[in-house]
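Written below as structure tokens is the structure these notes are about.
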Amino acid sequence: MQTVCLKNISKFYPTSGVQANDGATLCLARGTIHAVVGENGAGKTTLMRILAGQEHPDSGSIVIDDKPVVFKTPAVAGQYGIGMVHQHPLIIPDFTVEQNIAFGFEPRKSRIFVDEEVVRAKVVALCEELGFDLEPSALVGSLGAGAHQQIEILRQIFRNREILILDEPTSVLAEQEIQSLFDVLRHLKAKGFTILIITHKPREVLALADQITVMRHGKTVGQYDARTVDETRLARLIMGTDSPDTTDAIGRTAKPEETSIQPLQPEQPEFCTGRISAHNLDSTKTLEVDRISVRSRHSRTPQLEDVSFSIHRGEICGICALSGNGLELLEDVLGGFERPSSGNLRFCGKPYPLYPELRQAPWNPEGIAYVPSDRMRRGVCDRLSVEENFIALDRKRFFPHGFANRQLAREITQRMLEDFGVHVRAAGPIGELSGGTIQKAILARELSWPFAPLCILCDPSAGLDITSTDFLYARIAKMCASGSAIALLSSNLDEILTLSDRIIVLHRGRVAGDLQNDGKITKEKLGALMLGLGSAGSNAVQSQRMSR
Amino acid sequence: MHSAERKGSGFIKVRPAQMTLKSFWQRTRITLLALGASILCIVVLLLLFSNAFLDSLKLFFVVPFANVYFFGNMLSYAVPLMIAGLGAAFAFASHNFNLGGEGQVYAGALVATVVALKAQGQGAQDVLTVRLVALFAAALTGGLVGGFSGMLKRRLRVDEMISSFLASSLVVFVVDYLLAGPLKDPNSNFQATKTLPSAFGFAKILPPSDLSVSIFWTLLLVMLGKLVLDRTSFGFELKVSGANKEFARYAGINGDVYSVIPLVVSGALHALAGGVMIFSTYLKTIQGFSAGVGWDAIAVALIANNNPVALVPSALFFAYLDAGSKSAMMGSNVSTELVTIAQALVFFLITATTLPRAFGVHNWWRCGKARAAEEAATKAAQGPQQ
Amino acid sequence: MNFMNLATILTGNALEAMTPLLFAAMGGLFTELSGALSIALEGYMMLGAFVGIVAAASLHSVIAGLCLAAFVSATLAWVSAKATLGLKANIFITGLGTNLLVAGLLPVLSQHFFGTKSVLSFTLPTLMHPFSRTMAAVPFLGQAFFSHSVLVYVSWLTVLAAWVVLYKTPVGRRIRACGSQPEALRDIGRKPENYQIVAAVVAGASSGAAGACLSLPLSAYVPNISSGRGWIALVAIYLGSRRPGRIMLACFIFALAEGFSNYAQGFLQVPSEFVLAIPYAASLVALILGSLSRRRQGDWKDLH
């Protein structure tokens, strides 16, 4: 059988001191769908980047059809038919769909000019075959994340790459879009493509994959036939509470001994399912959003129209939408980066600090905690040290009488960090920390005692491993118990369903659904609302429909 | 026109609380390299263009120390470089490019002269107050010119690099016109204002040179600058706004203010430098007398890496080069533009964040090690299958 | 003087004056699109002006002068770009350095080879194209559009060439991708830095040609002959929204302003300093107006 194998790959990053891959091995059979699963930091992405030729291993080898190869550049890997569909697609903003797809491999007319007709024909044909609804001459800037991903997939196919590596493809998609993607992947497999899919969500890929490789701490735990593994076992393997199997038996796994360790499931948090019912709801409204509309400066991106909801003390309100449907704008409004063109916002009865007014630090009694979705650009300044990132939020406190009080800053920062279980030096530069640690530091900063009366969390558990996520959820529970109101803006439907008392769905900038989370809502239902299909539990949507 | 991210490229650092020893040495290494290269460049240029190489070498490098007159004048030129350099550093610290230094210095000088002349014309006796008022007026003018670019940036997102350059060029033309016309001293052959009586100047401390007490005031100013930038919340907010505008807004810092204020301060300091030049040395404004001070100030700030304390040795270095070129020009056929060329070399090297492999002995060693590792990897790739 | 005559003269002057701006702006456009904007256009122009006329006079050929000017400036641009990217230095600072280098080098060379730092005069063959005399007889159209030196028409071709290269060839697309998504280039196995160097060389060559277009028609080299045109070209790129056609329009407007100011000097007794200042003032005003209209349209493409 034709195979592509990664053997004993090791990779060490000296700048961060991380052993990303440690003797990892993976064997890929052509014409199959192969999933690579593991927690954050398990080494999946590094291994795949090595396979795609974007990184060089310190030791180990890549073997294709029993012949060792060395990928000096991604282009060399491409010649062997290996192409990567990145998690954040490398879309060139000013180009059209077809220009993006053909980029770098444009067919030529008389050797110097691009043959645009050939490109157009090929793109149209590919779109039709895979069922992609893309307009070849459309500018990519106006399209959503799902379309960008489709463009990347088409790009690799355009380059005649038959081994596609997809890096966390479902992280930016809604439920229905995920199913469409899986249909496309199955179609490609039927045509002879080989698919490698990296993910940390095992549930999704059990439906899709033929082979599964589990990774942990840079090592391969094992490679398993998908039919022999169920969700529970997979979770155990990923977390390491199951005994690893011998790694060189593909498809033949030794029967795991029954252990006395309980299967690891996410803790049942004391959220939702009627935690707050209508009659014991604290009537104090912390946040009132009253018919706000945002006329965005960029006419292409959707605006917010007539959005109204309120969040009471101690309530968690989950807000979800597909990318490009107004969630980002709502975050910008609540976070103080955008001003609604009409409507009212109130915070504890008083006017909300809207742009250009500034929010107060989370540890102030009238402060607002805000964990942004773009953590690297908005949540921290990577030129500063960790403690400087903390003191930036409250200059009045840390610069009494105008002059710096470094001692106080260091103490408080250290306390907040340890409180959240982040063990880093407060004085060190923040740029050296990993993405997950930075996220934890931001959470430590925003969610420390004294808790802010209003907390805006945007994708808070993105990039966190399960332990940290549990810690985060416990902290959120504590905050609710002490009266904070939480707005949870997330694209992670599991998170929304787990935590929220109430769920609001946005579609094209309007409220498409405002539902009580009574435990009966499914991800499919939310997905339908996010796509603008199906009825919601709210009358507002019905009347919007009729007025259109 | 271009984003602040593109400006970043690592050369303006909001220094973390602890700079590692390694990064300090790397930074200093580059600075020393730049300075050394500029000296070497001058030597080479003298070799190429001077008709008396050894003489001009001596004139350039030795004569500035030869006697009190040259030495004192050298120190005296360092004074406006320090002040204007502080202005440039302020702008850089907030990630703003103030390219209008030339015009701001020139305008400041003229305003200071005119105010003092007016006061003298009305019979003012209190020289101290007159100087103070004149310098304040100069700073105000510079602040307005700088603030103009700042407001354009804040309100209209006009790139301050271009607008400050254009505005400053306009200011230079206006001042040139005034010096050739309405404000010209009718009794002089030069395009210049009337001369102020020497009582109006700063007290000289090293006659016969021009060095005056202004150097002490300037050192104080530099210390004040360091205090503000490193220890106050204003300085902190300024640096953060420059480093990451989005984060600044997130943290509750009003970044708009810091588009304007650093440019106002920068303009004011440049103009102040011009005024100080008048009261230290010239006592009148001559057309083109301050040409080059603005660009020198940028070079000074770059070498000092926007650290106010480092501005002092940096300004002294450039004053030394300037003094050398003037003395070489007087004694031989060498023209003063040589220093400009050396300065250009400094600009090229000073913002380097890495040195090419050729420039470091231990880099050769690391080179070899890397090559060995690559060979090992290739061998490993081929090995097991055989 | 009637309106027709005035319009003819102004248009004709503007088209002549537009030539160096066009060359420089097209080259600068490449660097802006590649993500490594060159602010050294002024320096390349001055160098081109000097080299162009010295070469043309020595070799008795205008074409040779133009080509050599482009070549020398392109070489300087190449060295500068390689140094900047190799040292990972800040491109704006090194751009200023390049300007300073040329500003310092030219008087030294002028002094050394010609004994003076002021105006250098030469005798040159003609620049006019063969039909210019007959064309000059045609009212308005002929005078305004068709009776100029060959340099003017070459500059128009440059605009066309820039448009074709940037939008119709793979190389042009890669240069454009460099500025907005350099990772896409690494993905196809190319280094963005290489394309930035290519763009820099193009900018050097065309700005060098621009400089030659300044000195050759005068048959003389005047110190500071470019007087800010390099910076004005940058403003034109911005006003033209980085599109060749619109940049050409912006350059034309600037040239019109300059032509008018020359005319005004003769007629309206404006002090010479103000006349020299007009290009700068016009650029600043245009910059402000352009940004105002952007703000009204809501076209805030570059935040921060």
task = Kindly provide the set of residues from segment A:373-401 that are in contact with an Asp or Glu (Cβ under 7 Å, 6 or more places away or on another chain) and either within 7 Å of chain B (Cβ to nearest Cβ) or farther than 26 Å from A:Leu488 by Cβ (or both), ordered by number.
result = A:Arg377, A:Arg378, A:Arg395
query = Looking at (1) crowded, with 22+ Cβ neighbours inside 10 Å; (2) part of a loop (DSSP other than H, G, I, E, B), which is the only condition B:Gln125 fails?
reply = (1)
message = Which of the helices (runs of 4 or more DSSP H) found entirely inside segment B:305-386 contain at least 1 residues meeting this: at pLDDT 85 or above?
response = B:308-331, B:337-350
query = Can you tell me which residue in segment A:67-90 is nearest to A:Gly141 (Cα to Cα), limited to those that are within 7 Å of another protein chain (Cβ to nearest Cβ) and not small (Gly, Ala, Ser)?
reply = A:Leu90
request  = From (1) part of a loop (DSSP other than H, G, I, E, B); (2) within 30 Å of A:Ile50 (Cβ to Cβ), pick out the condition that doesn't hold for C:Ile197.
outcome  = (1)
ask   = Among the candidates A:Leu143, A:Leu134, A:Leu166, A:Leu139, which residue alone is of a type outside the set (Asp, Glu), touching a Phe, Trp or Tyr at 6+ places or on another chain (Cβ under 8 Å) and under 22 Å from C:Gln181 (Cα atoms)?
value = A:Leu139
note = Going through (1) surrounded by 22 or more Cβ atoms within 10 Å (Cβ to Cβ); (2) over 20 Å from A:Asp183 (Cβ atoms); (3) in contact with a helix residue (DSSP H, G or I) (Cβ under 8 Å, 6 or more places away or on another chain) one by one, A:Arg155 fails only at (2)
query = Looking at this structure, is B:Ala310 away from chain A (no Cβ under 14 Å) and free of Cβ contacts under 8 Å to residues at least 40 places away in the same chain?
reply = yes
request  = Could you please let me know if A:Asn100 is more than 30 Å from A:Pro460 (Cβ to Cβ), assigned to a helix (DSSP H, G or I) and among the polar types (S, T, N, Q)?
outcome  = yes
ask   = Any residue at all in segment B:120-137 that is among the small types (Gly, Ala, Ser), at pLDDT 95 or above and within 29 Å of B:Pro313 (Cβ to Cβ)?
value = no
task = Scan segment A:100-122 for residues that are on the phi > 0 side of the Ramachandran plot and loosely packed, with under 14 Cβ neighbours inside 10 Å and report the count.
result = 2
note = Counting only strands (runs of 3 or more DSSP E) wholly inside segment A:17-82, the ones holding at least 2 residues that are more than 19 Å from A:Thr213 (Cβ to Cβ) are A:67-69
query = Any idea which of A:Gly428, A:Gly421, A:Gly379 is of a type in the set (Gly, Ala, Ser), surrounded by fewer than 21 Cβ atoms within 10 Å (Cβ to Cβ) and under 24 Å from the mean Cα position of the chain (by Cα)?
reply = A:Gly421
ask   = Limited to segment A:354-372, what total is found for residues that are farther than 14 Å from A:Phe451 by Cβ and more than 9 Å from chain B (Cβ to nearest Cβ)?
value = 2
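Here's the yes/no breakdown for (1) of a type outside the set (D, E, K, R); (2) closer than 22 Å to A:Ser484 by Cβ; (3) in a loop (DSSP other than H, G, I, E, B):
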{"residue": "A:Gly314", "(1), (2), (3)": "yes, yes, yes"}
{"residue": "A:Arg339", "(1), (2), (3)": "no, no, yes"}
{"residue": "A:Arg377", "(1), (2), (3)": "no, no, no"}
{"residue": "A:Arg383", "(1), (2), (3)": "no, no, yes"}
query = Taking segment B:213-252 as the region of interest, how many residues are among the β-branched types (Val, Ile, Thr), within 8 Å of another protein chain (Cβ to nearest Cβ) and outside any helix (DSSP H, G or I)?
reply = 1
note = Selection over segment B:175-198 where residues are buried (at least 18 other Cβ atoms within 10 Å of the Cβ), assigned to a helix (DSSP H, G or I) and of a type outside the set (A, V, I, L, M) yields a count of 2
request  = Can you run down the residue pairs with Cβ atoms below 6 Å, 6 or more apart or on separate chains, where the first is in segment C:79-103 and more than 8 Å from every other protein chain (Cβ to nearest Cβ) and the partner is surrounded by fewer than 24 Cβ atoms within 10 Å (Cβ to Cβ)?
outcome  = C:Ala81/C:Ile197; C:Leu85/C:Glu193
inquiry  = Being within 26 Å of C:Thr98 (Cβ to Cβ) and either assigned to a loop (DSSP other than H, G, I, E, B) or away from chain B (no Cβ under 14 Å) (or both) is the requirement here; does C:Ala209 meet it?
reply    = yes
query = Which condition does B:Phe234 not pass, out of (1) more than 25 Å from A:Val386 (Cα to Cα); (2) surrounded by fewer than 24 Cβ atoms within 10 Å (Cβ to Cβ), if it passes all the others?
reply = (1)
message = Suppose we filter C:Ala64, C:Ala74 for residues that are surrounded by 21 or more Cβ atoms within 10 Å (Cβ to Cβ) and either β-branched (Val, Ile, Thr) or more than 8 Å from every other protein chain (Cβ to nearest Cβ) (or both); which single one remains?
response = C:Ala74
ask   = Looking at (1) in contact with an Asp or Glu (Cβ under 8 Å, 6 or more places away or on another chain); (2) at pLDDT 90 or above, can you tell me which one B:Lys194 breaks?
value = (2)
request  = Name every residue in segment A:186-224 that is surrounded by fewer than 17 Cβ atoms within 10 Å (Cβ to Cβ) and modelled with pLDDT under 90, in order of residue number.
outcome  = A:Lys201, A:Arg203, A:Ala207, A:His217
message = Being in a helix (DSSP H, G or I), modelled with pLDDT of 80 or more and either more than 15 Å from C:Ala24 (Cβ to Cβ) or among the hydroxyl-bearing types (Ser, Thr, Tyr) (or both): is that true of C:Gly266 here?
response = no
query = Within segment C:36-59, can one find any residue that is surrounded by fewer than 18 Cβ atoms within 10 Å (Cβ to Cβ) and either at pLDDT below 95 or away from chain B (no Cβ under 14 Å) (or both)?
reply = yes
ask   = Quick one: what pairs do we get from segment B:246-260, first residue in contact (Cβ under 8 Å) with a residue 40 or more places away in the chain, second outside any helix (DSSP H, G or I), C-beta under 6 Å, 6+ apart or different chains?
value = B:Tyr258/B:Ser94
task = Being of a type in the set (S, T, N, Q) and more than 8 Å from every other protein chain (Cβ to nearest Cβ) is the filter; apply it to segment B:145-182 and report the residue that is nearest to B:Val293 (Cα to Cα).
result = B:Ser168
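Matching residues to (1) in contact with a strand residue (DSSP E or B) (Cβ under 7 Å, 6 or more places away or on another chain); (2) of a type in the set (Phe, Trp, Tyr); (3) outside the structural domain of A:Asp518 (by TED's automatic domain parsing):
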{"residue": "A:Gly402", "(1), (2), (3)": "yes, no, yes"}
{"residue": "A:Ala409", "(1), (2), (3)": "no, no, yes"}
{"residue": "A:Ala426", "(1), (2), (3)": "no, no, yes"}
{"residue": "A:Arg445", "(1), (2), (3)": "no, no, yes"}
{"residue": "A:Ile456", "(1), (2), (3)": "yes, no, no"}
{"residue": "A:Gly463", "(1), (2), (3)": "no, no, no"}
{"residue": "A:Phe471", "(1), (2), (3)": "no, yes, no"}
{"residue": "A:Met479", "(1), (2), (3)": "yes, no, no"}
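The values are calculated or read from the model by the stated rules, or taken from the named source; none is laboratory data. Please read these numbers as outputs of a predicted model, since none were measured by experiment. Virtual Cβ from ideal backbone geometry, glycine too; neighbours counted across all protein chains shown.
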